[in-house]
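Okay, so here's the structure we're looking at.
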Amino acid sequence: MSEISPFQRLVCTAAGRKAGRAAGIFALDNACAQIARTVTEPIMAQIRLAWWRDGLMAEALSAQHVAPDMLALRSIDEFAQARLGLVAIIDGWEELIAGGDGNDRDMLLAYAAGRGAGLLAALVPEYAERSARAGQVWALWDLAGHVTDAALREAAIGLACQIAESANIAGLPRIITMLVGPALSDVRRGRGAPPVLTPGLYARMMRFHIFGR
């Protein structure tokens, strides 16, 4: 599976004994991000995403899907409960890659609903509905910190700020508050994610890890 970042490793510490499971979920997100970054032809990127989607949805793997990365992800704890969230991550990345019909807002909404809400649903399935809007904010915050297109970055931050008005992380598991808490405060200040795990971001994440707020 794809390596996970220091930011993601820190979030995984809040999963306790399920840290390996969380790492596998983040690794899928990273694999999709790598496809989005490196595959220049949208149709080819969609074919590679479809490989992941089909393999995750299959009840029994066909020969083309018997690969170490796929087997590792399908073997995570509570895979059946996480499956729909995992597929939603892939669908969200596909929305970004395909680009929609030129309407950035609709494309960003679909991307955030897939990648962001899907990631949190995969991490903590029992909180999928309550965490959906928070997940959307996180996905848009993360995107805004990693794109070079200034207009897309501003659109992502603006939309995230709107969604943040109704995103409530109170009472959610620490792995969610640790992931989303910094995003909520940043987008309200018009900021996207730092490109790396800065000391300031680390301190804010640890505050959410310890206090949950």
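Quick notes
- Total residues in the range 11-51 satisfying the condition of being in contact (Cβ under 8 Å) with a residue 60 or more places away in the chain, within 19 Å of Val180 (Cβ to Cβ) and open to solvent by 20 Å² or more (accessible area, probe 1.4 Å): the figure is 3.
- None of Ser131, Ser166 is within 16 Å of the chain's Cα centre (by Cα) and polar (S, T, N, Q) except Ser131.
- Residue check: Val147 meets all listed conditions (1) closer than 22 Å to Trp93 by Cα; (2) in a helix (DSSP H, G or I) but one, namely (2).
- When Asp91 is tested against the conditions (1) at pLDDT below 95; (2) open to solvent by 50 Å² or more (accessible area, probe 1.4 Å), the lone failure is (1).
Each row is one residue, and each column tells you yes or no for (1) buried (at least 22 other Cβ atoms within 10 Å of the Cβ); (2) among the small types (Gly, Ala, Ser).
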residue: Ala117; (1), (2): yes, yes
residue: Glu129; (1), (2): no, no
residue: Asp142; (1), (2): yes, no
residue: Thr148; (1), (2): no, no
residue: Val180; (1), (2): yes, no
residue: Arg204; (1), (2): no, no
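- Counting residues in the range 69-92 that are touching a Phe, Trp or Tyr at 6+ places or on another chain (Cβ under 8 Å), in a helix (DSSP H, G or I), within 23 Å of Trp141 (Cα to Cα) and of a type in the set (Asp, Glu) gives zero.
- Number of positions in the range 184-199 that are in contact with a helix residue (DSSP H, G or I) (Cβ under 9 Å, 6 or more places away or on another chain), open to solvent by less than 100 Å² (accessible area, probe 1.4 Å) and either over 18 Å from Gly116 (Cα atoms) or assigned to a loop (DSSP other than H, G, I, E, B) (or both): 6
The values are calculated or read from the model by the stated rules, or taken from the named source; none is laboratory data. Nothing here was measured: the structure is a model prediction, and the numbers come from that model. Neighbour counts are summed over all protein chains in view; Cβ atoms, including those assigned to glycine, are modelled from backbone coordinates with ideal geometry. Please note that ligands, DNA and RNA were not included when accessible areas were found on the heavy atoms of the full protein model with its side chains. Shrake-Rupley method; radii C 1.70, N 1.55, O 1.52, S 1.80 Å.
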